[in-house]
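One structure is given here, and the rest of the page talks about it.
What follows draws every value from the coordinates through simple rules; no lab data is involved. Here the structure is a predicted model, which is why all the values come from computation and not from measurement.
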Amino acid sequence: MADKDKEHKNNNKENGHKHEAHAAGAHNEKVTLSGEEYAALKAKADERDAFQDKYVRAHAEFENIRRRLEKEKADFTKYANEGLVFELLPIIDNLEIAEKYIKEAKDFNAVREGVDMIQSQIQKFLKDIGLERLSTVGAKFDPHLHDPIETEESNDKDDGIIVAELKPGYNFNGKLLRPASVRINKKKEN
């Protein structure tokens, strides 16, 4: 065994600069690398370390972005209706004024005009945000837009014509929000 160690050391001296390392998983086994092999292995280890560093940094950046997006989403949800509420404030103000005036009013025509003005403000506000009331009376019944609550028998109108609106229906930005509750005509049977 001593002869092999001597031979191994002599080979190291003859081949120029050599590096010794312990083999992974082997306890007392030595591996001999040339300077070129050692430099290549060291370059690979440095490259691995650089990739590991990039991965850790990218992962941390991803987590920061994820947390920031969650906060932005929560803030958006929290304040999404801020503009809507701001536009509603003048209508609320006018309702409060009308309520005070109604308690003291002697001229009910003025009260009616005030309520009509507020109703007009509300309708304009709703239209501006995309709410559209469905037209019903006189229209043909459409099961996608109307909910038939009652029927009325008459020969004056065709079957399925809406004769009364019991509760209005609405579209919101082109999508049905609530169907209208209606009374439809049914021709009398002779």
Too-long pairs where the Cα-Cα distance tops 27 Å, listed order kept, from LYS106/LYS127; LYS73/LYS124; LYS103/LYS167; LYS78/LYS124; LYS100/LYS175; LYS124/LYS175: LYS106/LYS127; LYS73/LYS124; LYS103/LYS167; LYS100/LYS175
Of (1) 48, 38, 32; (2) 57, 38, 31; (3) 123, 57, 24, which one was derived for Cα extents along the principal axes in Å from the structure shown? (3)
Remind me, relative contact order of the range 37-190 in percent, using alpha carbon pairs under 8 angstrom and six or more residues apart? 17
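What does DSSP give for the chain in terms of the percent of beta bridges that are antiparallel, rounded to the nearest 5? Show your work: numbers first, answer last.
Numbers: 16 of 23 bridges.
The antiparallel fraction comes to roughly 70 percent.
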Per-residue HN-Hα couplings for the range 165-182, Karplus 6.51 cos²θ - 1.76 cosθ + 1.60 at θ = phi - 60°, whole Hz, x for Gly and Pro? 9, 8, 8, x, x, 9, 9, 10, 6, x, 10, 4, 8, 8, x, 7, 8, 9
Would you work out if the range 82-128 is rounded, prolate or oblate? Take a ≥ b ≥ c from the square roots of the eigenvalues of the alpha-carbon gyration tensor; rounded if a/c is under 1.5, else prolate when a/b is larger than b/c, oblate otherwise. oblate
Can you grab the distance from the C-alpha centre of the range 68-92 to the C-alpha centre of the range 26-57, Å, no decimals? 55
Gyration tensor (alpha-carbon) shape descriptor, the range 37-139, a/c threshold 1.5: prolate
What number, in nm² with one decimal, is the all-direction average of the projected area of the convex hull of the alpha-carbon atoms of the range 133-186? 3.2
